[in-house]
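Shown next, in structure tokens, is the structure this report addresses.
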Amino acid sequence: MHLARLTPGDSQRFADWLTLFGEAFEEVETYTGAMPSAGYRDRLLADPNFIALAAMDGDTVVGALAAYVLVKFERERSEIYIYDLAVDEAHRRKGIGEALVNETRRIAHDVGAWVVYVQADHVDPPAIALYTKLGAREEVLHFDMTPLERG
């Protein structure tokens, strides 16, 4: 297994990466029903503030991580938010998730980020166990708000 950061032009790997997220989260339509156009995908993958990592077994994507570098305003620093992490069911319990998180932590060091953080749902004990192993747990509340129209 090796890790790869997706780059512009990685069309098949990006599609496989999205498919893995959809299958792992049982939300295939969400992740593959309206895949981004090539232009959108390449702009996203060219953005240094977007991190798309794939764990590869040969040419097969077996792990996926999406993260964002958030440039802070109160100090000249940034932090990285791991938005999604998934590992193919047949490849779980082999250290792939940990490897993806640790690569994100290395990227954080490279870009001068002061912290990497992630949220986990209470109903996901494997994710909670992984993140507890790698970092300090904080109890927070998360709120989703719908956008409002102007006017």
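The values are calculated or read from the model by the stated rules, or taken from the named source; none is laboratory data. This one's a predicted model, so the numbers in the text were calculated from it and none came from an experiment. Quick reminder, even Gly has a Cβ in these numbers, built from the backbone with ideal geometry, and neighbours come from all protein chains shown. Ligands, DNA and RNA are stripped out before the accessible areas are found, and what is left, the full protein with its side chains, is counted by its heavy atoms. Shrake-Rupley method; radii C 1.70, N 1.55, O 1.52, S 1.80 Å.
Here are the numbers for this structure:
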{"quantity": "Those chymotrypsin sites (Phe, Trp or Tyr not before Pro) in region 95-151 that DSSP places in a loop and that have at most 10 other beta carbons within 10 Å", "calculated": "PHE143"}
{"quantity": "Cleavage-rule hits (chymotrypsin sites (Phe, Trp or Tyr not before Pro)) in region 10-98: DSSP loop, at most 15 neighbouring Cβ within 10 angstrom", "calculated": "PHE25, PHE73"}
{"quantity": "In order through region 15-23: 3J(HN,Hα) via Karplus (6.51 cos²θ - 1.76 cosθ + 1.60), integer Hz, x for Gly, Pro", "calculated": "4, 5, 4, 5, 4, 4, 4, x, 5"}
{"quantity": "Accessible area per residue, Å², the chain with all protein chains present, probe 1.4 Å", "calculated": "67"}
{"quantity": "Modelled FRET efficiency - R0 30 Å, ASN49 with LEU141, Cβ distances, 0.05 increments", "calculated": "0.70"}
{"quantity": "Amide H contacts of VAL115 (H built 1.01 Å from N, under 5 Å, at least 5 apart or other chain)", "calculated": "ILE80"}
{"quantity": "For the chain, size of Cβ-based charge dipole, Lys and Arg +1, Asp and Glu -1, in debye", "calculated": "560"}
{"quantity": "MET35 accessible area, assembled protein chains, probe 1.4 Å, Å²", "calculated": "80"}
{"quantity": "Column: log10 I(q)/I(0), Debye, Cα scatterers of the chain, q = 0.11, 0.17 Å⁻¹", "calculated": "-0.46, -1.10"}
{"quantity": "Largest-first ordering by accessible area, 1.4 Å probe, given options ARG43, ARG105", "calculated": "ARG43, ARG105"}
{"quantity": "Positive-end residue, the chain charge dipole about Cα centroid, Cβ charges, pick of ALA136, ALA67, LEU18", "calculated": "ALA136"}
{"quantity": "Along the chain, longest interval not containing exposed GluC sites (Glu not before Pro), exposed being DSSP loop plus at most 11 other Cβ atoms within 10 Å", "calculated": "77-137"}
{"quantity": "Carbon/sulfur fraction of accessible area - the chain, other protein chains in place, 1.4 Å, %", "calculated": "51"}
{"quantity": "LEU141 - accessible surface, heavy atoms, 1.4 Å probe, Å² rounded to 10", "calculated": "140"}
{"quantity": "Heavy-atom accessible area order for ARG75, ARG93, largest first, 1.4 Å probe", "calculated": "ARG93, ARG75"}
{"quantity": "Heavy-atom accessible area order for HIS91, HIS109, largest first, 1.4 Å probe", "calculated": "HIS109, HIS91"}
